[in-house]
Amino acid sequence: MAEKKTDEAISFEKALARLETIVADMEGGKLGLEKMMTSFEEGTKLVHYCSKKLNEVERKIEVLVKKGEEIRSEPFELKEEGGEEKGTDRIS
């Protein structure tokens, strides 16, 4: 299979699927050294691409919150295990 270039307009889902295939191939232990290095390089590029896309989406997912008549954006906060919000010091 020809190596996909991450600077082309590929979808996040396709990049992630390709990355999963690469990981499975590498974990399978059947790749030669050269193929392992080529796969690692492609995987590294895909990780960078996916990470960049996720960061772009995270910036776009600044939730618009309407407070009274004012609309302002608040950063999206991920929840940690146990349902607590990550990076917040809220006292209820």
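The residue that is farthest from E56 (Cα to Cα), among those in the stretch 18-44 that are small (G, A, S) and surrounded by 13 or more Cβ atoms within 10 Å (Cβ to Cβ), is S39.
Of the residues contained in the stretch 53-76, none is found to be under 21 Å from the mean Cα position of the chain (by Cα), modelled with pLDDT under 60, basic (K, R) and exposed (fewer than 10 other Cβ atoms within 10 Å of the Cβ).
The values are calculated or read from the model by the stated rules, or taken from the named source; none is laboratory data. All values reported here derive from a predicted model rather than from experimental measurement. Virtual Cβ from ideal backbone geometry, glycine too; neighbours counted across all protein chains shown.
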